[in-house]
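The values are calculated or read from the model by the stated rules, or taken from the named source; none is laboratory data. Keep in mind it's a predicted model, so treat the numbers as computed, not measured. Cβ sites come from the backbone with ideal geometry, for glycine too, and all protein chains shown count toward neighbours.
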2 protein chains.
Amino acid sequence: MADFISRRDVDFLLYEWLNVEELTERSRYAEHSRDTFDAVLDLSADIATKRFAPHRKKGDQVEPTVGPDGKVVLIDEIKDALDTFAESGLLAGSFDEAVGGMQLPAVVSEAAMTFFRAANPATTSYLFLTIGNANLLVEYGTPEQIDAWVRPMLEGKFFGTMCLSEPEAGSSLADITTKAVPARDGTYRIAGTKMWITGGDHELTENIVHLVLAKAPGGGPGVKGISLFVVPKYLTDGTRNDVALVGLNHKMGNHGTTNALLNFGDGTHRPAGDAGAVGYLVGEEHKGLAYMFHMMNEARVAVGLQATATGYAGYLASVEYAKARTQGRPVNAKDPSLPQVAIIEHADVKRMLLAQKAYVEGALALGLYCTRLVDEQRSGTEPDSARAHLLLEVLTPIAKSWPSQWCLEANSLAIQVHGGYGYTKEFDVEQAYRDNRLNAIHEGAHGIHGLDLLGRKVVMHDGAGLTLLAERITATINKAETHVGTRQHADALRGALTRLVDITGTLWAAGDISVTLANSTLYLEAAGHVVMAWIWLEQLLAAADGNGDFYDGKRAAGRFFFTYELPKVGPLFDLLASLDTSTVDAVPSWF
Amino acid sequence: MADFISRRDVDFLLYEWLNVEELTERSRYAEHSRDTFDAVLDLSADIATKRFAPHRKKGDQVEPTVGPDGKVVLIDEIKDALDTFAESGLLAGSFDEAVGGMQLPAVVSEAAMTFFRAANPATTSYLFLTIGNANLLVEYGTPEQIDAWVRPMLEGKFFGTMCLSEPEAGSSLADITTKAVPARDGTYRIAGTKMWITGGDHELTENIVHLVLAKAPGGGPGVKGISLFVVPKYLTDGTRNDVALVGLNHKMGNHGTTNALLNFGDGTHRPAGDAGAVGYLVGEEHKGLAYMFHMMNEARVAVGLQATATGYAGYLASVEYAKARTQGRPVNAKDPSLPQVAIIEHADVKRMLLAQKAYVEGALALGLYCTRLVDEQRSGTEPDSARAHLLLEVLTPIAKSWPSQWCLEANSLAIQVHGGYGYTKEFDVEQAYRDNRLNAIHEGAHGIHGLDLLGRKVVMHDGAGLTLLAERITATINKAETHVGTRQHADALRGALTRLVDITGTLWAAGDISVTLANSTLYLEAAGHVVMAWIWLEQLLAAADGNGDFYDGKRAAGRFFFTYELPKVGPLFDLLASLDTSTVDAVPSWF
């Protein structure tokens, strides 16, 4: 079985590029050392390989069902894997020691998670949601809420969910209709339907902690009226709360992850004799969406890393296949009686491997860079930590969307390298492709991040975020220009960055928001390629003095990105600069 | 339920662009008229809607199995649909009256087939293989072979297959090892293993006619030693031939189509007491691959049309969804209490619909254009028919590959328009995406067509094919330059065509075939976009005087292609012109 993530690459990114060891000089991480980081990575790779990977295919083939007793039935291997994970303490990896965590740098914790994400995306999803949920409650919950809900989640006794979407409100959260009515005891009664709830129901844990967006009386219209509630499946006294599973969605991929439609407060259960799900307000009323968005950066970067890991696993599988499978002869061979060669000898197969390598290693670097910014927020001094936060705000839509697009493309190339075999369930790559298609949809659909980046992130604080990003990229360019091996790439990136900044100004000078945003998704994609070129230039600088296959491979993938990929931004920028309004002008009756 | 193919669009392409009515002036099609063409299209749309579409999802959910008796078990609806199709006479649509056909123009017959392809790709595959098989035998078989095998196939009593690939020889047919040993009675005994056999076994028909590539004694090495044989599942006297089903492949999509591993001559059955599958030579010994390739153009264009139809169905489904689903508000709306709008009002959704429309309508036009060339081959006078053949040779790799790439992208966009719903099996678009992923793999994997186009088609006959293509495109440009509405597009296409021709020369001047072909897949993709721009320019000219939504929509999609898509060739051409050898130079140990 192929590896899922190259440990060598992870080590390079953490230690040779992001200087993660330096973090141990900070008080927050003073208990740690490269040894403890390595131990976490070793342990993760080991559990991922032994407990997560083996049921990846079975979890795909045996989809969750709802049993006659109304309970969700999953294959046993999922619970076994998650229990092992929880016992290892990894669930609390990056959490504070005060809540029972290891207080690891987020970048190390997320790097460790990529092994699980790559080995088995569906099983790992339960953890991802639980960690996100716990992160939010640690930040905004009361000490009592942390004790009641966070600690059991970090021990793996409870899992968590995020309940945002409703049947009529997916991308448009302003339109949610779930209601929260204050009760006399300070709790609320929640009523409404939530959908697309990952891990929304199961018997994996004693309890499920739902974080639910709902509208309490007195809020303004739209997003201003939204509050956030903890709504557990079981109350602390063991009473079943009024949260009912309506059904599970059957999906193209990620079969092992339950995805549920839930009714809150429909009277299926009647805690304390009344219909309505008991909910506990988190923080203040009407600020729920702000809390949710505060944690969204990390969740979105994590989705990007999930897409990355799925792409990475497919890449390594296709490398293994291409080295083992013989077929055909070199194009300049004339003698058909010569033995066939491994397909990795063919230029087009090498192109498909170089492309995958450029996508997945680039995406992993971007995701870890962003997670390193989270550590800077948490442990840095001002103004560095504020700047890290600002930079993360700008990079988040890209860190989520770019891997969701290009690591899916990597999975498609991995299928193509396998030929007909890649289309069969006998190999792993078709599942990776199906699993990965989700990532451009959830945690904000692709287009939403275009609106976020162009409509909000690059203009907030008078464009301070974009300015900061441009400064960081320029600093890299300046360094790279002094090296023969990277000078040409540095020049290309300087040109692309200048265009990005100029065109951002052009778009905002249009004077009509609908024209400015007419092609915001393409702006996202162009900006994504510029950022990825920067990330590759960073890696090339970090690898500049390295010798041997690993470094040669890094240089080849970096060169590939600059030669085959970055030039794609040219036509995108031309289109954006032209303020084309084909999209705005199109009339529904034309379709 | 949405339509699968726009009949209005088909009529436009056939009657307003390709002047198909003109064909009825030729003796071969003199029995036909627009009325008979329309009747075939009406009948096809009707049967496709009533008999093929309803079990599309069930055929996906209930995969074929091998029963305890060794027979393939399929859902009943597949046989019912195929029987209805056969009873309609459509199987023999484009065949000569002399063999029981309707002698329809191929372009009409293929246009009719798109309704079936769109309604249910998996069920339609059985027909596609049968028609291809019969086409080949009509061309190269003896009258006795035609009576024995073709007539029952055209009546739907037998189905056909093409048995090319083997476990160690997929793209590399030179390496097949299946043997054919002459017997005293003039037949051969065939022994070997064939895989990826679409429709390789089933109980849908009384018999299955396998066309098998095998090596007979005395042939040269490589492809020169390959002969072609008819190897039926049952001999004409009802004896079971020695063809054994080893197993069915389980695939990402196209579940309703059996895809089999077959053993020929392994002694499972012993016709006339001896092991070895009885085979009947088609044509002459050692010319089998040439026969197969002669029919390959049509088969490859048909695969492109299958990809197109699957993309088209997804497009129309996403249009219907986007018009019905409300979500969010215009970006310039300030009042969150206004009702939500249909998502087709959002610019990014319109972008995704325009892109799909540009891909699927463009691909349908290309596929029908190529099929119109088949009719010109069959019914035209010299030199027109020879020129049609030459042009078809050059266009075939593009007609196969371009839709396989871009109509898959259309299906991905159709999912994206549906949001989370698109990822579920509740809607149809995820299945379309899975089904369509096959088309870049079978009938020659994507990269094979790059080698075919750049390595063979554009240089054969001293480049006569490319010259002819450039002449045709230039003729369209010259016409388009005289119209205000198309002048700008014509100029853009002239520039792109000039670069294509120049770069073809540059690549071939490299003096090293491995450098020439280093990026042949990207050459294919760039040439594909140039050809598609030409096809769109042709459509824009045909639509120039039209008024109303249909024509406005055509113009919008054409404009979209020229504005959003054609510029993508710029960076591809730059890369090709640089004779970059990153792919050739990459070393396996770097991966």
If you check B:304, B:288, which single one turns out to be surrounded by 24 or more Cβ atoms within 10 Å (Cβ to Cβ), touching a Pro at 6+ places or on another chain (Cβ under 6 Å) and farther than 30 Å from residue A:517 by Cα? B:304
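Give me the strands (runs of 3 or more DSSP E) completely within the stretch B:232-296, filtered to those with at least 3 residues that are in contact (Cβ under 8 Å) with a residue 24 or more places away in the chain and under 26 Å from the mean Cα position of the chain (by Cα), ordered by residue number.
Details: elements: B:243-248, B:259-264, B:277-281.
Fully inside the stretch B:232-296 and qualifying: B:259-264.
Taking the stretch B:519-532 only, how many residues are within 13 Å of chain A (Cβ to nearest Cβ), assigned to a helix (DSSP H, G or I) and not acidic (Asp, Glu)? Spell out how you get there, then give the answer.
Looking only at the stretch B:519-532, we keep the residues that are within 13 Å of chain A (Cβ to nearest Cβ), and these are B:519-526, B:529.
If we keep only those that are assigned to a helix (DSSP H, G or I) too, we end up with B:520-526, B:529.
Still in the running and not acidic (Asp, Glu): B:520-524, B:526, B:529.
Of the residues in that region, 7 qualify.
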Run residue B:164 past the list (1) in contact with a Phe, Trp or Tyr (Cβ under 9 Å, 6 or more places away or on another chain); (2) away from chain A (no Cβ under 14 Å) and report the number of the one that doesn't hold. (2)
Subset of the stretch A:552-573 that is closer than 15 Å to residue A:527 by Cβ and among the charged types (D, E, K, R) - its residue that is nearest to the chain's Cα centre (by Cα): A:565
So residue A:485, is it more than 11 Å from chain B (Cβ to nearest Cβ), surrounded by fewer than 18 Cβ atoms within 10 Å (Cβ to Cβ) and assigned to a helix (DSSP H, G or I): yes
Looking at A:409, A:430, A:376, A:382, which is the one that is farther than 27 Å from residue A:502 by Cβ and not in a helix (DSSP H, G or I)? A:382
Within the stretch B:189-212, can you find the residues that are closer than 13 Å to residue B:234 by Cβ, of a type outside the set (S, T, N, Q) and in a strand (DSSP E or B)? B:208, B:209, B:210
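Taking residue A:430, is it of a type in the set (Asp, Glu), at pLDDT 95 or above and under 16 Å from the mean Cα position of the chain (by Cα)?
Working: of a type in the set (Asp, Glu): yes; at pLDDT 95 or above: yes; under 16 Å from the mean Cα position of the chain (by Cα): no.
In short, no.
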Which listed residue is surrounded by fewer than 16 Cβ atoms within 10 Å (Cβ to Cβ), of a type in the set (D, E, K, R) and touching a strand residue (DSSP E or B) at 6+ places or on another chain (Cβ under 9 Å), from A:50, A:71: A:71
Across the stretch A:349-369, which residue is farthest from residue A:472 (Cα to Cα) among those that are more than 10 Å from chain B (Cβ to nearest Cβ) and of a type in the set (Gly, Ala, Ser)? A:358
Looking at residue B:504 and the list (1) within 14 Å of another protein chain (Cβ to nearest Cβ); (2) more than 19 Å from residue B:365 (Cβ to Cβ), which single condition is not satisfied? (1)
The correct count of residues that are farther than 10 Å from residue A:586 by Cα, part of a helix (DSSP H, G or I) and at the interface with chain A (Cβ under 8 Å from one of its Cβ atoms) in the stretch B:337-348 is 1
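Return yes or no: is residue A:319 modelled with pLDDT of 95 or more, touching a Phe, Trp or Tyr at 6+ places or on another chain (Cβ under 7 Å) and within 14 Å of chain B (Cβ to nearest Cβ)? Spell out how you get there, then give the answer.
On the way: modelled with pLDDT of 95 or more: yes; touching a Phe, Trp or Tyr at 6+ places or on another chain (Cβ under 7 Å): yes; within 14 Å of chain B (Cβ to nearest Cβ): yes.
Yes, satisfied.
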Of B:67, B:59, B:93, the only residue that is modelled with pLDDT under 95 and within 30 Å of residue B:206 (Cα to Cα) is B:93
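Against the condition under 19 Å from the mean Cα position of the chain (by Cα), modelled with pLDDT of 95 or more, among the aliphatic types (A, V, I, L, M) and assigned to a helix (DSSP H, G or I), how does residue B:415 come out, does it pass?
Details: under 19 Å from the mean Cα position of the chain (by Cα): no; modelled with pLDDT of 95 or more: yes; among the aliphatic types (A, V, I, L, M): yes; assigned to a helix (DSSP H, G or I): yes.
Considered against the rule, which asks whether it is under 19 Å from the mean Cα position of the chain (by Cα), modelled with pLDDT of 95 or more, among the aliphatic types (A, V, I, L, M) and assigned to a helix (DSSP H, G or I), residue B:415 comes out as no.
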Give me the residue from the stretch A:423-463 that is among the charged types (D, E, K, R) and more than 9 Å from chain B (Cβ to nearest Cβ) and, out of that set, surrounded by the fewest Cβ atoms within 10 Å (Cβ to Cβ). A:462
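Name the single residue that is surrounded by the fewest Cβ atoms within 10 Å (Cβ to Cβ) among those in the stretch B:499-517 being assigned to a loop (DSSP other than H, G, I, E, B) and among the hydrophobic types (A, V, I, L, M, F, W, C).
First, the residues of the stretch B:499-517 that are assigned to a loop (DSSP other than H, G, I, E, B): B:509-512, B:517.
Add one more test, that the residue is among the hydrophobic types (A, V, I, L, M, F, W, C), and what stays is B:509-510, B:517.
Values: B:509: 10, B:510: 14, B:517: 23.
Applying the filter and picking the extreme gives B:509.
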Which one is farthest from residue A:371 (Cα to Cα), of the residues in the stretch A:308-330 that are buried (at least 19 other Cβ atoms within 10 Å of the Cβ) and among the aliphatic types (A, V, I, L, M)? A:322
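What tally of residues in the stretch B:208-231 results from selecting those that are out of contact with any helix residue (DSSP H, G or I) (no Cβ under 7 Å at 6 or more places or on another chain) and surrounded by fewer than 24 Cβ atoms within 10 Å (Cβ to Cβ)?
First pass over the stretch B:208-231, keeping only residues out of contact with any helix residue (DSSP H, G or I) (no Cβ under 7 Å at 6 or more places or on another chain): B:208, B:210, B:212, B:214, B:216-218, B:220-221, B:224-225, B:229, B:231.
If we keep only those that are surrounded by fewer than 24 Cβ atoms within 10 Å (Cβ to Cβ) as well, we get B:216-218, B:220-221, B:224-225.
Looking only at that region, the number is 7.
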Count, please, the residues in the stretch A:213-222 that happen to be more than 14 Å from chain B (Cβ to nearest Cβ) and either in contact with a Phe, Trp or Tyr (Cβ under 7 Å, 6 or more places away or on another chain) or part of a loop (DSSP other than H, G, I, E, B) (or both). 4
